[in-house]
1. For the peptides 143-153, 197-207, what is the packing order when you average, over each peptide's residues, the other Cβ atoms within 10 Å and list the highest mean first?
2. If you count only protein heavy atoms with a 1.4 Å probe, what accessible area per residue comes out for the stretch 31-257, rounded to a whole Å²?
3. How far is helix 157-167 tilted off the main Cα axis of the chain, in degrees rounded to 10, range 0 to 90?
4. Roughly how many whole Å is it from the C-alpha centroid of the stretch 238-259 to that of the stretch 206-225?
5. For n ≥ 4 DSSP H runs only, could you compute -39500 (n - 2.57) per run for the chain, divide by its residues and tell me the 222 nm figure to the nearest 500?
6. May I ask you to rank Tyr5, Tyr248, Tyr238 by accessible area, largest first, using a 1.4 Å probe over the protein chains only?
7. Return the FRET efficiency for the residue pair Asn14, Arg167: r is the Cβ-Cβ distance, R0 is 51 Å, and the value is rounded to the nearest 0.05.
8. Describe numerically, in nm with one decimal, the distance between label points set 7 Å from Cα along Cα→Cβ at Asp141 and at Leu38.
Amino acid sequence: MSQEYGQDAPLSYNKYLKVKELIRLQETLSNPQSHDELLFIIIHQTYELWFKQLLHELDACIGWVNEGRLFRANHSLRGVLSIERILVTQIHILESMAPIGFLEFRDKLNPASGFQSMQFRELEFSSGAKDEAILRSFKDDEFALERLKRRFASPSLADAFWSLLERNGFSVNDHDERVKTIVEILTHPENYADIYNMQDLLIEHDELIISWRYNHIQMVERMLGMKRGTGGSEGVGYLMTTLKKKFYPELWEARTHLTINERTDEV
Ligand code: HEM
């Protein structure tokens with residue numbers, strides 16, 4: 001490697017960031033090369049790099065919540081949201097591809113699909129949405145399966161949040177108790193400042209992932225109409241069903257039950 005950047009050369013931007021290696025990682029399959037395939041690869045790789053950073057942040061955050069370091073955890077969650085805001089809008093770049101340009105190389109991708117993004121599934125699991133069916137769909141990918149099994153077995157951010165509330169004296173044994181707890185926190189924000197801020201950041205994390213799903217669906221329909229996906233699903237029809245996924249359903253439901261009657265302080 002050091003040879004690549006000049007033997008004994010001092011550290012440089014390209015050497016530190018492994019730029020030569022990085023720009024070799026985009027291998028197109030179309031031949032002759034379709035103009036838009038490079039964009040297609042780069043946007044997916046960019047997402048995967050940000051997913052890596054999000055997982056790094058979420059893992060640390062779970063640790064901080066467990067240690068009761070709520071200021072640190074909330075600070076980190078704000079970083080997560082900043083990245084996610086970029087991810088939500090970044091999907092639109094693909095809409096600069098003409099649908100006909102995408103069809104030039106689409107068949108070459110079969111049967112690969114975003115459905116198999118290991119890190120996206122890790123994000124879902126670590127945030128709070130674990131699904132055994134997803135785990136089974138990785139049975140032929142040993143590396144991904146190992147990582148996903150580990151995350152499936154580890155406490156998620158949702159688990160860490162409910163344990164935190166339990167340590168703070170709330171009963172959170174079932175869905176109804178959890179909703180009731182959140183209603184209490186939403187009613188008296190200043191009595192539970194750090195926890196109030198955390199539930200606000202968590203619901204925004206949920207909201208941003210749903211926004212990503214929504215923008216991805218619109219982009220997919222603009223490119224493909226109602227064609228089936230390369231991963232074998234019915235495409236847009238399947239993706240619409242994923243809009244119902246929520247990491248923290250109790251946070252959303254609590255808003256339905258919130259009333260002004262119990263309030264004793266002002267926000
Ligand atoms: C032209 C570009 C794209 C098209 C046409 C497309 C199409 C699709 C389709 C049809 C599915 C459903 C599964 C299947 O049958 O394949 C899917 C799933 C998915 N795609 Fe894309 N996609 C595109 C770009 C992206 C990008 C840039 C990402 C970024 C990571 C991405 C991530 C995902 C993920 C994570 C899923 C699984 C969603 C879930 O099951 O909840 N896709 N995509």
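The values are calculated or read from the model by the stated rules, or taken from the named source; none is laboratory data. Computed from a prediction, not measured in an experiment: that's the story for all the values here. As a convention, Cβ positions derive from the backbone with ideal geometry for all residues, glycine included, and neighbour counts pool all protein chains shown. For the accessible areas, the whole protein counts, side chains as well, though only heavy atoms, and no ligand, DNA or RNA atoms are used. Shrake-Rupley method; radii C 1.70, N 1.55, O 1.52, S 1.80 Å.
1. Numbers: 143-153: 15.5, 197-207: 19.5.
Sorting 143-153, 197-207 by mean packing, highest first, produces 197-207, 143-153.
2. Numbers: 11770 Å² over 227 residues.
Solvent-accessible surface per residue comes out at 52 Å².
3. Around 20 degrees separate the two axes.
4. After rounding, the separation between the Cα centres reads 17 Å.
5. Working: 13 runs with 169 residues, N = 267.
Rounded to the nearest 500, the figure is -20000 deg cm²/dmol.
6. Tyr238, Tyr5, Tyr248
7. For R0 = 51 Å, the calculated efficiency reads 0.60.
8. 2.6
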